1. Label 7 Å along Cα→Cβ of residue 117; segment 55-78 residues with amide nitrogen under 14 Å?
2. How far, in degrees from 0 to 90, does helix 66-76 lean away from the longest principal axis of the Cα atoms of the chain, to the nearest 10?
3. Using the Karplus curve 6.51 cos²θ - 1.76 cosθ + 1.60 with θ = phi - 60°, work out ³J(HN,Hα) for each residue of segment 54-62 in order, rounded to whole Hz, and write x for Gly and Pro.
4. Give me the one-decimal nm value for the distance between modelled label points at residue 30 and residue 131, 7 Å along each residue's Cα-to-Cβ direction.
5. Give, rounded to the nearest 20 debye, the magnitude of the charge dipole that the chain has about its Cα centre when Lys and Arg contribute +1 at Cβ and Asp and Glu contribute -1 at Cβ.
6. Springs between alpha-carbon pairs under 10 angstrom, Gaussian network model over the chain: which of 53, 75, 157 fluctuates most?
7. Please give me the summed charge of the neighbours of residue 89: other residues whose Cβ is under 14 Å from its Cβ, Lys and Arg +1, Asp and Glu -1.
8. Would you mind computing Rg(Cα) / (2.2 N^0.38 Å) for segment 40-176, counting N as its residues?
Amino acid sequence: MAILDSKGRLFGKLSVLDIGAALVILLAVIGVFLIPGGGGSVAQVGVNTKPVEVDLIVRGLTVSNPPTLVQAIEEAGKTSLIIRNQPHGEVNVKGIQTLPRTVAVPQPDGSVVAEPDPRPELNFTLDMLITLEDNAQIVNGGPVFGNNRIKIGTPIEIEGLTYRFNTSVVSVRILE
């Protein structure tokens, strides 16, 4: 009996191609599960990471009950961040400051005084300053959340259980 017959079978039973395919699959399984790999992307090796605070301003958000929204964001303590339509993940909400709606009122002596806006429809409008904090990679171009650089003017969307709205960055602080 010949070891290899005219059809490429070993001992007349096993095809050489089948044995080769089985070995490739076996080596792939060993490579994936048994040989330990690196702990992350090569691009992230040696990158400096620091805590960063980002201030967002929200102007003219129409809400049926503004205090309830502010309370919901504060109680959650975290919010999902979407930067330039790319999800970043959750970040901590450090604080929310509601901003008053005022109107300039000229005085008889020629000066101008800021007074609360008396229009009733503004009871459904909210202006606020939201401070978020997270760790960011620090590169030459500034802080990077995910794969997006964060700078003043960067469009950002924040999302929670009962809200989702667009805003933009007004301040970035790298903490030491």
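Values in this text are rule-based calculations from the coordinates and carry no lab data. Computed from a prediction, not measured in an experiment: that's the story for all the values here. Glycine gets a Cβ as well: all are built from the backbone with ideal geometry, and neighbour counts include every protein chain shown.
1. Within reach of a label on residue 117, which here means backbone N under 14 Å from a point 7 Å along Cα→Cβ, segment 55-78 contributes 58-63.
2. With both axes taken from Cα atoms, the answer is about 40 degrees.
3. Listing the rounded values in order: 10, 9, 10, 10, 10, 10, x, 6, 8 Hz.
4. 5.7
5. Details: 14 positive and 17 negative charges, 194 e Å.
With only Lys, Arg, Asp and Glu charged at Cβ, the dipole is about 920 debye.
6. Most flexible of the set in this elastic network: 75.
7. Values: positive: 78; negative: 90, 133, 134, 157, 159.
That sum, taken over residues with Cβ under 14 Å, equals -4.
8. Details: Rg = 18.1 Å, N = 137, 2.2 N^0.38 = 14.3 Å.
Rounded to two decimals, the normalised Rg is 1.27.
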